[in-house]
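Written below as structure tokens is the structure these notes are about.
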Amino acid sequence: MDTPLLPAPPPAIIQGAYAADPDIHLFGDKYYIYPTSDTGDWNPTSFSAWSSPDLIHWKAEGVILDLKDVMWGHGHGWAPSMAFRNGKYYFYFVAEHQIGVAVGDTPTGPFKDALGHPLVVGDPTINSDSIDPFAFIDDNGQAWLYWGSGTMVAYKLKPDMITLDGPPTPIPIADFREGTVVFKRKGTYYFMWSEDDTRSDDYRVAYGTGPTPTGPVKVAGVILQKHGDAKGTGHNSVLNIPGTDRWYIVYHRFGVPGGDGYHRETCLGKMEFTADGKIKPVDPLVPAFPPGSAGEPVGR
């Protein structure tokens, strides 16, 4: 019996640039993505942003933070995360395996290093690399900063968003590698992460749930993994359309064609839930929107 031919993966949503580790948000009348800029050597020295009115058409907004302006780290700029609070935008970023925070007045900056030193340099008692920050503001107003490679770790943030509030809390997850994402839906905390290695075809996204922002996490399983020519599918973030239960997942995969763990591209898919709150598997060969769709215009 002939093996049925699989469809080609849908096009990357960011065109003309390799972009990985995407962080997605809705600010005002536009969606924004903040990724790692793949330079082929894992040593990017700046961060850029892209914007869209509908999740289909994306515009390059240019460099929003250049590491030449960060006195404590000028390279290895990876995996940022953005948060908005009190009229300011807080940009958490990696430089030289340390996590910093920059502040700006708009979603595209310009951003300025807020501290003059790293916010997170790691903890020798925790087996985790100080990379992959993810900011989450709970509905009670408490802000958290998650990070880590090897162990998921959480810090409380003070209301100023640039000060750690207390010691780090490790969150044990057996197959956790990196790329933490946390969100809340219908009273349940969802934890997402990537497994394996970003250079591997089998890089994938798994998730679990818990009763608090620090777990304990009940692992549910993998929901995004390679399929056909879509390989290395991982390091995601999620977007909820305000006032709805419509969700999207943004992630990276190896560039198509010929990409690898140093040449990755950003993709978008729909993320849906079962009646009992489980996340349905996401097929990286299925586009987020059918041909001719208007996408998800802001405010519709």
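The values are calculated or read from the model by the stated rules, or taken from the named source; none is laboratory data. Note that the structure is predicted; figures quoted are calculated from it, not measured. Neighbour counts are summed over all protein chains in view; Cβ atoms, including those assigned to glycine, are modelled from backbone coordinates with ideal geometry. Remember, those area values only see protein heavy atoms, side chains included, never the ligands or the DNA or RNA. Shrake-Rupley method; radii C 1.70, N 1.55, O 1.52, S 1.80 Å.
Points to keep in mind about this one:
- Look at the stretch 240-256: where a residue is at pLDDT 95 or above and a partner is among the polar types (S, T, N, Q) and surrounded by fewer than 16 Cβ atoms within 10 Å (Cβ to Cβ), sitting 6+ places away or on another chain with Cβ atoms under 7 Å, you get W247/N240.
- Tally of residues being under 22 Å from Y262 (Cα atoms) and either in a strand (DSSP E or B) or of a type in the set (K, R) (or both) across the stretch 69-85: 4
- Pair list, Cβ < 8 Å and 6+ apart or interchain, from the stretch 115-126 residues that are within 12 Å of T169 (Cα to Cα) and of a type in the set (D, E, K, R) to residues that are assigned to a loop (DSSP other than H, G, I, E, B) and open to solvent by less than 50 Å² (accessible area, probe 1.4 Å): D123/P168
- Counting residues in the stretch 34-43 that are open to solvent by less than 20 Å² (accessible area, probe 1.4 Å), among the β-branched types (V, I, T) and more than 17 Å from D113 (Cβ to Cβ) gives one or more.
- Within the stretch 170-209, the residues that satisfy the criterion of being of a type outside the set (G, A, S), open to solvent by 30 Å² or more (accessible area, probe 1.4 Å) and part of a loop (DSSP other than H, G, I, E, B) are P172, D175, R177, K186, D196, R199, D201, D202.
- Looking only at the stretch 272-300, residues that are within 30 Å of R199 (Cα to Cα) and either in contact with a His (Cβ under 8 Å, 6 or more places away or on another chain) or touching a residue at least 40 places away in the same chain (Cβ under 8 Å) (or both) come to 13 in all.
- When A49, A20 are checked against the criterion of being in contact (Cβ under 8 Å) with a residue 40 or more places away in the chain and either open to solvent by 30 Å² or more (accessible area, probe 1.4 Å) or within 21 Å of N240 (Cβ to Cβ) (or both), a single residue qualifies: A49.
- Hits in the stretch 57-68 (condition: assigned to a strand (DSSP E or B), open to solvent by 40 Å² or more (accessible area, probe 1.4 Å) and in contact (Cβ under 8 Å) with a residue 12 or more places away in the chain): A60, E61, V63, D66
- Qualifying residue in the stretch 285-297 (condition: touching a Phe, Trp or Tyr at 6+ places or on another chain (Cβ under 6 Å), in a loop (DSSP other than H, G, I, E, B) and either at pLDDT below 95 or among the small types (G, A, S) (or both)): yes
- Of all residues in the stretch 141-164, those that are within 12 Å of I131 (Cβ to Cβ) have Cβ atoms under 9 Å from Cβ atoms of residues that are among the hydroxyl-bearing types (S, T, Y) and open to solvent by 30 Å² or more (accessible area, probe 1.4 Å), 6 or more apart or on another chain, in V153/T169.
- Entry remark, the stretch 1-56: residues being on the phi > 0 side of the Ramachandran plot and either in a strand (DSSP E or B) or under 19 Å from the mean Cα position of the chain (by Cα) (or both) number 3 in total.
Residue-by-condition table, conditions (1) modelled with pLDDT under 95; (2) surrounded by fewer than 20 Cβ atoms within 10 Å (Cβ to Cβ):
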| site | (1), (2) |
| --- | --- |
| R85 | no, yes |
| K88 | no, yes |
| F91 | no, no |
| V101 | no, no |
| P110 | yes, yes |
| L119 | no, no |
| D123 | yes, yes |
| S130 | no, no |
| I137 | no, yes |
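- Qualifying residue in the stretch 243-265 (condition: surrounded by 19 or more Cβ atoms within 10 Å (Cβ to Cβ), assigned to a loop (DSSP other than H, G, I, E, B) and among the β-branched types (V, I, T)): no
- Looking across the stretch 215-242, the residues that are crowded, with 24+ Cβ neighbours inside 10 Å and in a loop (DSSP other than H, G, I, E, B) come down to G232, T233.
- Residue list for the stretch 23-33, filter: over 19 Å from S194 (Cβ atoms) and either open to solvent by less than 10 Å² (accessible area, probe 1.4 Å) or of a type in the set (V, I, T) (or both): Y31
- Taking the criterion of being under 14 Å from V182 (Cβ atoms), surrounded by fewer than 21 Cβ atoms within 10 Å (Cβ to Cβ) and either in contact with a Cys (Cβ under 8 Å, 6 or more places away or on another chain) or small (G, A, S) (or both), the only residue of the stretch 140-153 that qualifies is A143.
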